[in-house]
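To keep things clear, I will list the structure first and then write my remarks on it.
The values are calculated or read from the model by the stated rules, or taken from the named source; none is laboratory data. None of the values given here were measured: they were computed from a predicted structure. Ideal geometry is used to build each Cβ from the backbone, glycine not excepted, and the neighbour counts take in all protein chains shown.
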Amino acid sequence: MLSVGALAFLNPWLLAALAALPALWLLLRATPPSPARISFPGVRLLLGLEDPEKTPHRTPWWLLVLRTLIAAAAILAFAEPVLNPQAEREGDGPVVLVMDGGWASAHDWELRREAALAELDRAERAERPVSFHIIAASVPEDLRLELRPAARWRGAVEAAQPAPFAPQRLGFAGALGAAPGLEDASVVWLTDGLSHGDDGALADALARADGLRMIYPLVPPVALSAPRIEEGELLISAMRTPEDASQTVRIGVFGRGDIGERRLATLEAVFEGGEGVADAAVDLPLELRNQISRFAIISQESAGATALTDESVRRRRVGLTSGASEDGALRLVSNLHYLRAALSETADVVEGGIEDLLQTNPDVMALADVGRLTGPEREALEAWVEAGGMLIRFAGPRLARGADLAAADAASLSESDPLLPVNLRAGGRAVGGAMAWGAPQAIRDFNRESPFFGLTAPREVTVTRQILARLGPDLAEKTWAALEDGTPLVTSSGVGAGRVILFHVTANAEWSSLPLSGLFVDMMGRLVSMSGAGGAGELPDDVEPMRPVALMDGFGRASAAEGDLTPVAAARLKDAPAPDAPPGLYAGAQARVAYNLFAEPVELEAAAPAPLSAVVERLEGRTEQRLAHWLIGFALILLAIDLLAALWLSGRRIRLNPTAAALALAALSPLAALSPLAFAPQAEAQEVEVDLERALIAANNTVLAYVVTGDDQVDRISEAGLRGLSSYLTSRTAIEPVEPMAVNLETDDLSLYPMIYWPITERQPTPSDEASARLNEFMRNGGMIVLDTRDAHLARAGGTGPNAQALRRLVAALDFPPLAYVPQEHVLTRTFYLLDRFPGRHTGGRVWLQAPQRTDEGLDAADALIADPNDGVSPVIIGAADWASAWAVDQNGDFMLPVGRSNGFRQREMAFRFGVNLVMYALTGNYKSDQVHVPALLERLGQ
Amino acid sequence: MADRSTDTTAKRVERVGAGWLRRDAERISGALPPLLAEAERLAASVAPGVHGRRQAGSGETFWQFRTAQPGDPHQSVDWRRSARSDQMYVREMEWEAAQTVSIWRDDALSMDFKSDRAARSKSDRAALLSLAIAVLLIRGGERVSLLGTDAERPGSGENQLQRMGAILTDTREKRPDFGAPPRADFARGGRAVFFSDFMGARDEIFPSLTHAAEAGVSGAYVQIVDRAEETFPFDGRLIFESMGRGVKFETDRARGLQKEYKDRLAERRRDLEQTARRCGWRCLIHRTDESPRKALLWLYAAIAGGLR
């Protein structure tokens, strides 16, 4: 084999024939085409005539070039050129198969797995032992090559899953590099093309082997950084290796609501050429924004392309109330001015009366100098604090007066106010005034127990007046901040799930200069971030153990952590995830932290160039392509041209005769197939005509449609299934559908079909954006899609089957409503037959549809119609029972596939009944659901 | 070759027009060869202007009375007429004895030539003219024979026409490249018409022509040529072949030969005309792109005029 770049020749010795081309040239030149022969009766008269001049005869140059080209093409063709040859493995030593297997391998995991299996196949054929390593794992102490027959590895490769962290290149570089026996092995490394900070160490270590082949991915991975808040905006960054091309990445924003996770929004991050980081801002109403649980790049399922959120990005809502009347004219002495200024950056600020504010469900309530609370206000506030609210109160003249009264009460009742953390002493204290003894007091450094620990109190912040707490045994631990002389400045106590905090000074600059300082802003920021359930999103102390609550797998799916995971120290979470600390949600005593692969937006770093000795390939990108047939075809076309030219030269004109032309076309059609573009316009015109015809049929009749998956077998079954269902419908119900139709999501008009059956196959191409948009439009306008993953028999008990992932991929861009299992008594169970399960070819497997909406009493009929234009019909039904196979009948009306055990008569009948209900449901809308209520209505009328 | 001729026949049938179906049917049944039909149509355009012999002879129609000469038999004296005067009169009938006209249509391969722009081959034209003149002659009561064929025995009437039509549309096998008039036993005093291109070898054609003259017949040569044979519109490197591939001539630049070819053609025609003049024949050059009527009129005048 001889290779030139990506081209190789299987029979290179035939290329020697190319050397004969000049000789051929000369030969052709010397033998011009024979002269034209003409039958002419007058020839006798010509006999004996002499030509007036003699000219030498040469073959025309273009004919020479043409013929030489034909010869060259034929020689090249027989030398069997191959594009991207899969070099046959040299040697017969062991094969070491290394997979990166980290998060960056997840998005094309199927391809990788197939490539790995292909390598195994090859090794098996050559009877070479294999050792298989995934390096996104903890590095074993003493790594040895584990040589086994290739077939024995198959299970391991098939079961392998990507890890949610980066491959441990450096560790494995040492371990693999030192593994004995590597020198004799040839290494195949399926890499993800990123550096992961190893700087080519692993490649260098592997280059020690008897041959290194590196297989790079076709599509470079894209990652997401942890979401962050900048200037009040929630930002998320997509990251890639810097490339020249610009790229748009769609980021799905998912939130956890009452009914499970759903998509809240889709963002677009645009990488300009050369850039590696692209930001996208989340623009959502606060309620939705605070529901966000994760971000994920659509169409790239990997841990790196998923970012979990924690409390740190939640934007809090703070309610502000002042005891004093607010006058616009006196802004700087306003009770709330400094609070507003301090909070506007970090939280949503609302103002109003206490009860009004509580209606808006704030995380924090700040009461500035509110002395007296009315009974209902007090009750509402107490309930709210108990439920987890954070109440921040500021002292002031009114509070002081209230405290005086409370002190009088307390004397008799000895009962403390739950809305104050400490009992207050009557009367305040003034320091540094004209009548006072001492100088104004500064703030003491915060101690470790205080949430303000770490902030520094500037010396110039002084307090001139304060309200004093009554001494008690727990005063010290309730104190979060104190003055130099030890009197408390901020006290706090927990009430139920919530917390009450008291600033012993006013919220304006009257009593102290604290509100004027930056410290005030920081203190408020800390307090606000503490608010809400679960506590702060900031990492606590380094040593505090953090327990994993939910962990991500390599595809970026978070699932509840198993119980036996050891907690990690909080300090560990500052570093990148690794086998000992996979990304996910971690909880400490107070903090609950999202631990993402990328804390900060940084460009992904491409891997160092492969070592010179390595063979570099790409996943799927390098399939062998034989070129011989193209060359032969090319030579044949040239030969045809040459034939015509020779005919023309010898004076034989070709008359265009319709039959002959048709014959010639027929003869040329194999050639035409080589250049499909030539005939494309005609074909398209034809298609339009067919389309019209189809559209007319579909519009004038009820037609069941199925999505073409590209898998012949599945499509055939879909069609047969819908045909079977159609005939069943015709015989049992008033619905008389005509022959089912195939629908191509990319090209066909969907609006003509009431119901589209969509079987899911793993190989199906993801619908383009336009197709997804049209599907969304279809669902919005009353269409129904029945998705069938056809794998109920493969699903683990209660879980999803293998096609669920394909389903997720296919419908990633679709706008599904919240889904739920089919509830008992749902309309679908009684549109025609009364059903309690929905078997297809397989039993089991649950059926999902749009979660029933809670009926709001306030909503009248018109509003309800606007809110739900689909007339109560779920736009999507998802199941796994492979219904089409149960329905499928062939042209003779015989069932095509066996169903269930024994003859499965009952199960098939039930499958058909489900089909009837399904079509009825799709066609009759809420009419049937009204019918369901008829007994109830009659009963009510009877009363 | 046979294929081609049936092909042209079929085309001809088509070209005749709306009546093709009936004629085609008749052709198949053999009742009326299309050639005959076409020839009759062509003859019909000529016949009305031509009249009888205007000559005394044996016949049934009265011609004139003349005074009896010594030697006239008794029987020929018309007694009724003679009784009215002193002289004896003989009643003469118009001469109605049929003449024999021999027609030779060259059916050599060279006659099959048809250049790109010509509508018909020379052979077709020759057959058409042969049959048309035969129709005219037979209508005039003459006896016609087709030399070199089964219809060589002179005959008259519709039967002879049918036979000739069939022969003329048929193609015989083993035709030579070039044809020469046959040395048949001509009826002395008869007439003859030779249709050919006279492109064959000199020493085959001219002795035959002289032979016919020596046999005591007079008549006409019709040289039928294609337009391409007159203009020689060829150029480039070519091999000229006779129709049967028997004769070959290769040239590097055909156009250079045009003048010399034309000279030779003119010389051949001059020879033909000279021979004709010497033998008392007449000579016509007919090109296939000319109207056949012109040639027919000329021919009729030449033959019938001589017969008068």
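Give the number of residues within region B:189-213 that are free of Cβ contacts under 8 Å to residues at least 60 places away in the same chain and among the acidic types (Asp, Glu).
The total comes to 2.
For region A:162-262, give me every one of the strands (runs of 3 or more DSSP E) that falls completely inside it and has 1 or more residues that are over 26 Å from A:Met552 (Cα atoms) and touching an Asp or Glu at 6+ places or on another chain (Cβ under 7 Å).
Result: A:186-190, A:212-216.
Which fully enclosed strands (runs of 3 or more DSSP E) of region A:441-531 have 3 or more residues being modelled with pLDDT under 85 and farther than 24 Å from A:Ala383 by Cα? Give the steps one after another, and end with the answer.
Numbers: elements: A:465-469, A:479-482, A:488-495, A:498-503.
Counting at least 3 such residues, we get A:465-469.
Which condition breaks for B:Arg120 when tested against (1) surrounded by 21 or more Cβ atoms within 10 Å (Cβ to Cβ); (2) farther than 18 Å from B:Gly190 by Cα; (3) away from every other protein chain (no Cβ under 13 Å)?
(1)
Output the number of residues of region A:13-50 satisfying the condition of being surrounded by fewer than 17 Cβ atoms within 10 Å (Cβ to Cβ), in contact with a helix residue (DSSP H, G or I) (Cβ under 6 Å, 6 or more places away or on another chain) and not in a helix (DSSP H, G or I).
1
So, of the residues in region B:174-188 that are touching a residue at least 24 places away in the same chain (Cβ under 8 Å) and more than 14 Å from chain A (Cβ to nearest Cβ), which turns out to be surrounded by the most Cβ atoms within 10 Å (Cβ to Cβ)?
So the residue we want is B:Pro181.
Looking only at residues that are more than 7 Å from chain A (Cβ to nearest Cβ) and either free of Cβ contacts under 8 Å to residues at least 40 places away in the same chain or not in a helix (DSSP H, G or I) (or both) in region B:264-277, which one is farthest from A:Pro52 (Cα to Cα)?
Applying the filter and picking the extreme gives B:Arg277.
Any residue in region A:271-287 that is in contact (Cβ under 8 Å) with a residue 40 or more places away in the chain sitting within a Cβ distance under 6 Å of a residue that is of a type outside the set (D, E, K, R) and in a loop (DSSP other than H, G, I, E, B)? List the pairs, counting only those 6 or more apart or interchain.
Here the result reads A:Gly276/A:Pro242; A:Val277/A:Pro601, each pair linking region A:271-287 to a residue that is of a type outside the set (D, E, K, R) and in a loop (DSSP other than H, G, I, E, B).
Would you please list the contacts, defined by Cβ atoms under 6 Å and residues six or more apart or on different chains, that run from a residue in region A:159-184 that is closer than 13 Å to A:His133 by Cα to a residue that is in a loop (DSSP other than H, G, I, E, B) and of a type in the set (Asp, Glu)?
A:Pro167/A:Asp100; A:Arg169/A:Asp198
Any residue in region A:28-41 that is within 14 Å of chain B (Cβ to nearest Cβ) sitting within a Cβ distance under 9 Å of a residue that is of a type in the set (Asp, Glu) and surrounded by fewer than 18 Cβ atoms within 10 Å (Cβ to Cβ)? List the pairs, counting only those 6 or more apart or interchain.
Partner pairs satisfying both residue conditions: A:Pro35/B:Glu250; A:Pro35/B:Asp252.
Is one or more of the residues making up region A:771-789 assigned to a loop (DSSP other than H, G, I, E, B), touching a helix residue (DSSP H, G or I) at 6+ places or on another chain (Cβ under 6 Å) and crowded, with 20+ Cβ neighbours inside 10 Å?
Yes, because at least one residue in region A:771-789 is assigned to a loop (DSSP other than H, G, I, E, B), touching a helix residue (DSSP H, G or I) at 6+ places or on another chain (Cβ under 6 Å) and crowded, with 20+ Cβ neighbours inside 10 Å.
Among the listed residues B:Gly280, B:Gly236, identify the single one that is over 20 Å from B:Lys122 (Cβ atoms), surrounded by fewer than 17 Cβ atoms within 10 Å (Cβ to Cβ) and facing chain A (nearest Cβ under 9 Å).
On the way: B:Gly280 fails: facing chain A (nearest Cβ under 9 Å).
From the options B:Gly280, B:Gly236, the qualifying one is B:Gly236.
Before we move on, is A:Thr59 surrounded by fewer than 15 Cβ atoms within 10 Å (Cβ to Cβ) and at pLDDT below 80?
Details: surrounded by fewer than 15 Cβ atoms within 10 Å (Cβ to Cβ): no; at pLDDT below 80: yes.
The answer is no for A:Thr59.
Check whether at least one residue in region A:397-407 is modelled with pLDDT under 80, of a type in the set (Asp, Glu) and under 25 Å from A:Gly494 (Cβ atoms), and report yes or no.
No, every residue in region A:397-407 fails to be modelled with pLDDT under 80, of a type in the set (Asp, Glu) and under 25 Å from A:Gly494 (Cβ atoms).
Would you mind stating whether B:Ser115 is touching a residue at least 12 places away in the same chain (Cβ under 8 Å), within 14 Å of chain A (Cβ to nearest Cβ) and surrounded by fewer than 21 Cβ atoms within 10 Å (Cβ to Cβ)?
Answer is yes for this residue.
For region A:142-169, give me each residue that is surrounded by fewer than 17 Cβ atoms within 10 Å (Cβ to Cβ) and at pLDDT below 85.
Scanning region A:142-169 gives A:Asp142, A:Arg144, A:Glu146.
So B:Gln162 fits all but one of (1) within 30 Å of B:Glu142 (Cα to Cα); (2) buried (at least 19 other Cβ atoms within 10 Å of the Cβ); (3) touching a Pro at 6+ places or on another chain (Cβ under 8 Å); what number is the exception?
(2)
Would you mind telling me which numbered condition in (1) closer than 27 Å to A:Glu386 by Cβ; (2) under 52 Å from the mean Cα position of the chain (by Cα) A:Ala469 fails?
(2)
State all residues of region A:619-653 that are basic (Lys, Arg) and either surrounded by fewer than 16 Cβ atoms within 10 Å (Cβ to Cβ) or at pLDDT 85 or above (or both); if no residue qualifies, say none.
A:Arg626, A:Arg652, A:Arg653
Looking only at region B:251-262, which residues are over 27 Å from the mean Cα position of the chain (by Cα) and either more than 7 Å from chain A (Cβ to nearest Cβ) or of a type outside the set (D, E, K, R) (or both)?
B:Thr251, B:Ala254, B:Arg255, B:Gly256, B:Leu257, B:Gln258, B:Lys259, B:Tyr261
Filter region B:240-252 for residues that are at pLDDT 80 or above and either of a type in the set (Asp, Glu) or surrounded by fewer than 19 Cβ atoms within 10 Å (Cβ to Cβ) (or both) and give the result. Write out each step before concluding.
At the first step, the residues of region B:240-252 found to be at pLDDT 80 or above are B:240-251.
Of everything in region B:240-252, those that are at pLDDT 80 or above and either of a type in the set (Asp, Glu) or surrounded by fewer than 19 Cβ atoms within 10 Å (Cβ to Cβ) (or both) turn out to be B:Glu241, B:Gly244, B:Arg245, B:Gly246, B:Lys248, B:Glu250.
When only residues in region B:214-232 that are touching a residue at least 60 places away in the same chain (Cβ under 8 Å) and aliphatic (A, V, I, L, M) count, which is farthest from A:Phe40 (Cα to Cα)?
The qualifying residue farthest from A:Phe40 (Cα to Cα) is B:Val217.
Just name the residue that is surrounded by the most Cβ atoms within 10 Å (Cβ to Cβ) out of those in region A:363-403 that are among the charged types (D, E, K, R), part of a helix (DSSP H, G or I) and in contact (Cβ under 8 Å) with a residue 12 or more places away in the chain.
A:Glu382
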